[in-house]
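> Take this structure, written in structure tokens, and hold onto it; I'll ask about it next.
Nothing in this text is a laboratory measurement; each read-out follows from the coordinates by a stated rule. It should be emphasised that the depicted structure is a prediction, and the values quoted were computed from it without experimental measurement. A quick note on method: Cβ atoms are made from the backbone with ideal geometry, for glycine too, and the neighbour counts reach across all protein chains shown.
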Amino acid sequence: MKKGGRKISALVVDDDRVIRVVEEKLLVRFGLETKVAKNGKEALDLFVAGNTFDFVVMDMEMPVMDGPEATRALRARGVDCMIVGVTSRGDGPEKAEFEAAGLNCCWEKPLNAQIVGTILDKLAKKLS
Amino acid sequence: MERQAAYLRNALFDQGYLDEQFLQLEDLQDEANPHFVEEVVKLFYTDSVRLIQSIELTLKNTPWDFEKLDNIMHQFKGSSSSIGAKKVKKECSQFQEYCNVGNVEGCIREFQEVKQEHAALKRKLENYFQLAREAR
């Protein structure tokens with residue numbers, strides 16, 4: 001999938017290695033260019049270093065810096081790319097807090113091809 | 001041999017050991033990554049052993065840190081769900097419920113269930129991968 005000649009880029013942020021591997025492979029299968037980060041702080045550092053992404057897949061619960069904190073920090077920096085939250089906590093106050101932190105949408109884990117398709121549709125609408 | 005492998009695989013779904021997320025993994029397997037499913041499952045079993053040990057260690061310290069137990073199990077559940085480990089995921093959720101109400105006995109019992117399902121799935125998947133490899 002390309003955006004004006006270059007590949008769409010995504011950042012996967014999750015403290016679980018298995019999830020990072022699966023999510024990254026899924027996104028690469030859709031033709032995306034991907035990077036991974038182990039927690040919110042690593043994700044933030046990537047942006048601070050000048051990296052940009054079309055969207056971020058952000059896990060909610062992570063050590064060092066969690067999803068809500070990282071999302072707030074990114075939005076405070078003026079990062080306006082899509083940030084998609086993923087959690088296996090279901091609906092509740094934690095999810096609401098996560099969404100309020102500045103997510104574009106939030107999905108229940110695990111990420112699958114259908115969810116990625118929906119995210120890319122949203123992205124296409126956002127960019128048009 | 002191929003039929004045996006297919007039979008084993010279908011049984012894992014029919015008996016509720018695996019859910020549709022495993023199908024997602026199979027879809028991601030291709031010529032560039034011909035052993036993707038087996039590699040991801042191996043990764044899961046390597047990493048989840050560490051999580052189980054972490055829970056065991058936390059259970060040794062009294063009074064119990066239910067929040068910590070819940071957090072570790074939460075990660076375990078997320079990891080399990082990413083490979084489609086349906087029964088393991090269910091037992092993880094049950095453990096978390098006992099954690100939430102501070103039910104010590106429930107947690108101890110349920111942790112045994114988690115470990116049993118975790119080990120059972122490992123055996124079954126190893127059999128399946130072995131047969132699938134021999135069938136190629």
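> At q = 0.15 Å⁻¹, what is the log10 ratio I(q)/I(0) for the range A:2-127, with the Debye formula run over Cα points and no solvent?
Log10 of I(q)/I(0), two decimals: -0.61.
> While we're on this one: Name the long-range amide H neighbours of A:CYS105: under 5 Å, sequence gap of 5 or more, or other chain; modelled H, no Pro or chain starts.
Hits under the 5 Å cutoff: A:ILE83, A:GLY85.
> Consider just the alpha-carbon atoms of chain B and return their Rg together with their Dmax, both in angstrom.
Calculated on Cα positions, Rg and Dmax stand at 16.3, 53 Å.
> In nm, to one decimal, how far is the modelled label at B:ILE108 from the one at B:LYS68, with both set 7 Å along Cα→Cβ?
Here the answer is 1.9 nm between the modelled labels.
> Treating the angle as unsigned and between 0 and 90°, give the value, to the nearest 10°, between the Cα long axis of helix B:104-135 and the longest Cα principal axis of chain B.
For helix B:104-135, the angle is close to 10 degrees.
> Give the calculated FRET efficiency between B:GLU134 and A:ALA113 to the nearest 0.05, with a Förster radius of 22 Å applied to their Cβ-Cβ distance.
So, using R0 = 22 Å, E works out to roughly 0.15.
> Could I ask something else about it? With charges only on Cβ, +1 for K and R and -1 for D and E, what is the dipole size of chain B about its Cα centre, in debye, rounded to 20?
380 debye
> Now for a different question. So in chain A, what percent of DSSP beta bridges are antiparallel if you round to the nearest 5?
Taking every DSSP beta bridge with both residues in chain A, the antiparallel ones total about 10 percent.
> How high is the relative contact order of chain A, in percent, with contacts defined as C-alpha pairs under 8 Å that are six or more residues apart?
That works out to 21 percent.
> Kindly state, to the nearest 0.05, the FRET efficiency for B:GLU31 paired with A:ASN51, given R0 = 35 Å and r defined as their beta-carbon distance.
About 0.70, to the nearest 0.05.
> At a Cα cut-off below 13 Å, give the aspartates and glutamates reachable from A:LYS41, other chains included and same-chain residues fewer than 8 away excluded.
Within the straight-line limit of under 13 Å, A:LYS41 reaches these aspartates and glutamates: A:ASP14, A:ASP15, A:ASP59, A:GLU61, A:ASP66, A:GLU69.
> Arrange the following residues from fewest to most other Cβ atoms within 10 Å of their Cβ: A:ILE119, A:ILE83.
A:ILE119, A:ILE83
> Fewest Cβ neighbours within 10 Å first, please rank A:THR71, A:THR52, B:THR58 accordingly.
By the 10 Å Cβ count, ascending: A:THR52, B:THR58, A:THR71.
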